[in-house]
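**Q** If you scroll down you'll find the structure; I have some questions about it.
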Amino acid sequence: MSEFAATQIEGASVVFDDRVETAAVRFEGGRITTVDGPRDGARLVDGSGLLLAPALVDLHGDAFERQLMPRPGVTVPVEPALLETDRQLAANGVGTAYHALTLGWEPGLRSVAMGRAVIDGLKALEPRLTVENRVQLRWETFCFEAIDLIRDALAQPLAPAIGFNDHTSMAMLDPSVPLQERPFDHAPDYPVVDVESSAFAAKMETRAKRSHMSAADFVRLIRGIWDRRPEVPAAIATVAAEGRAVGVPMLSHDDSRIETRAYYRGLGARLSEFPMNRTVARAAREAGDIIVCGAPNAARGGSHMGSLAAADMIRDDLCDVLASDYFYPAMLLAVARLKADGVAPLSRLWALVSGNPARASGLDDRGSVAVGKRADLILIDWPDGSTPSVLTTWVAGRQAYRADPAG
């Protein structure tokens, strides 16, 4: 269907910013033109018994990695992996996706070379993609080799986000210190693991497989990378300045200390992604930062890492955005569970997966059902007490996905 075709959806319960009520929604030319206005020649879509809502905006999703590497150490070509990812996004109601693309010093899946291949692949495939595919440059701060690629990506028409990650310091943390309470990454007395221990080698096994390396070779590699530590703050300052210059959203990842959050806030990163304890989350809230939590956490009823429970964060007004993280269906499933548990009204819950992430990304043209907004919409089959399922996804008025159930 052309994005310019006039369409009116009637009979559905519509999720507005502040309520849910039955309404007719018309769109044409990629924009919502009327709410409860005349059909005016538009094609009719019967939404009776269904829910109509703004399409999801995913600030951090890395499930695409499973298309690139469906088994540890087994990679597939980038183009079919990205096409499959795009279809999964549309089928799960995601209209705008920021792929959390790790730019790291590891060879293989999370390397700079793979990052460039994904960015180039998305650009080449753009006319064939069904939803808006962007990237979050999930930059490992010890990877200086990624800075040129970051600069190139910042010049692309679909502006990326920048996520500051330091999984190197996390990997090197002494195991006696809980990950959720680890010191500021640049602290001079940062507690370091015994890299000669068999336990450390075992811990690096998964990373080694992902990088097509033996555990012993990977341990030697990370030891050499750790020697770069004195140069990391200058590299972070450089990347942050590049991001500020073009006004892209910037995030810090897995904050464990107020000092960490303040450090990145001072560099212009106003989003705290997956804060690891309440002390940090409260400090972020008091400073007016945007707090991003994981939708799988909310859908499952808790964190797989033993970190904060997203539902409790939402109850306490310490979560603004839910991101798919490692499972695209999790955003809709999280809303369903939170609604069933009475955490908040549906309109408020929907803001966590659409309006709030849109605003946090500077994409003010989408994320709500209102005249003039981009027609990024999803029609959902959601029987009482059952799992919601996306029937149709529109992106800028174009039908990106449609399912016709057998029943």
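A short reminder: the numbers here are calculations on the coordinates, not readings from a lab. As the structure is a prediction and not an experimental result, all values here were calculated from the model. All Cβ positions, glycine included, derive from the backbone under ideal geometry; neighbour counts span all protein chains shown.
**Q** With no solvent and one point on each alpha carbon, what is the Debye value of log10 I(q)/I(0) for segment 152-281 at q = 0.14, 0.17, 0.22 Å⁻¹?
**A** -0.72, -1.00, -1.28
**Q** Of all DSSP beta bridges in segment 56-365, what percent run antiparallel (nearest 5)?
**A** 5
**Q** Let me ask something additional. Hey, can you rank 376-383, 115-122, 290-297 by average C-beta count inside 10 Å, highest first?
**A** With the highest mean Cβ count within 10 Å placed first, the list reads 290-297, 376-383, 115-122.
**Q** Now, a different point. Under a point spin-label approximation (7 Å from Cα along Cα-to-Cβ), what is the Val246-Tyr190 distance to one decimal in nm?
**A** 2.7
**Q** Within segment 329-373, name every residue whose backbone N is under 12 Å away from a label modeled 7 Å from Cα of Arg19 along the Cβ vector.
**A** So the set is empty, nothing qualifies.
**Q** Within segment 20-116, what percent of beta bridges assigned by DSSP are antiparallel, to the nearest 5?
**A** If we restrict to bridges inside segment 20-116, about 50 percent are antiparallel.
**Q** Send over the Kirkwood Rh of segment 63-116, from the inverse of the averaged 1/r over different Cα pairs, rounded to one decimal Å.
**A** For segment 63-116, the Kirkwood estimate is 11.8 Å.
**Q** Treating the angle as unsigned and between 0 and 90°, give the value, to the nearest 10°, between the Cα long axis of helix 330-340 and the longest Cα principal axis of the chain.
**A** Approximately 70 degrees, to the nearest 10.
**Q** Sequence-distant or interchain residues sharing an amide H contact under 5 Å with Gln136, placed H: which?
**A** Under 5 Å from the amide H of Gln136: His99, Ala100, Leu101, Ala161.
**Q** Can I ask one more? Working from Cα positions, state the angle (0 to 90°, nearest 10) between the long axis of helix 215-226 and the longest principal axis of the chain.
**A** Taking Cα atoms only, the helix is inclined about 90 degrees.
**Q** Once the Cβ-Cβ distance between Ala340 and Asp46 is put in as r, and R0 is 35 Å, what FRET efficiency do you end up with, to the nearest 0.05?
**A** 0.85
**Q** Rounded to the nearest Å, what's the spacing between the alpha carbon centres of segment 240-274 and segment 101-121? Just the number, please.
**A** Segment 240-274 and segment 101-121 have Cα centres spaced 22 Å from each other.
**Q** What is the gain in length, in nm to one decimal, between Thr387 and Asp317 on full extension, counting 0.36 nm per residue of separation less the C-alpha to C-alpha distance?
**A** This chain segment gains 22.6 nm when fully extended.
**Q** What is the packing order of peptides 351-359, 145-153, taking the mean over residues of other C-beta atoms within 10 Å and listing the highest first?
**A** Going by the mean number of other Cβ atoms within 10 Å, highest first, we get 351-359, 145-153.
**Q** I need to check one value: relative contact order of segment 56-365, counting alpha carbon pairs closer than 8 Å and at least 6 residues apart, in percent.
**A** 17
**Q** Further, regarding this structure: From zero up to wherever the largest Cα-Cα distance of segment 140-209 sits, split into 5 Å bins and tell me the percent of pairs in each.
**A** Over segment 140-209, the share of Cα pairs per 5 Å bin runs 3, 13, 19, 18, 16, 12, 10, 6, 2, 0 percent.
**Q** Let me ask something else about it. Quick query: amide H of Ile291 versus all other amide H atoms, modeled in the peptide plane; which residues come in under 5 Å with a sequence gap of 5 or more or a different chain?
**A** So Ile291 has HN proximity to Ser272, Asp320, Val321.
**Q** Let me ask you something else. Quote the FRET efficiency, to the nearest 0.05, computed for Ala201 versus Asp227 with a Förster distance R0 of 22 Å and r equal to the Cβ-Cβ distance.
**A** FRET efficiency, Ala201 to Asp227: 0.70.
**Q** Further question on the same structure: Using only Cα atoms, tell me the angle between helix 78-91 and the longest principal axis of the chain; keep it within 0 to 90° and round to the nearest 10.
**A** Tilt of helix 78-91: around 50 degrees.
**Q** A further question on this structure: With unit charges on the beta carbons (Lys and Arg positive, Asp and Glu negative) and the dipole taken about the Cα centre of the chain, which residue among Ser13, Ala360, Ala269 sits farthest to the positive side?
**A** The listed residue farthest towards the positive side: Ser13.
**Q** Follow-up question, since we're still on this one. Between Ala237 and Val76, 0.36 nm times their residue separation minus their Cα-Cα distance comes to what?
**A** Between Ala237 and Val76, full extension yields 54.5 nm more.
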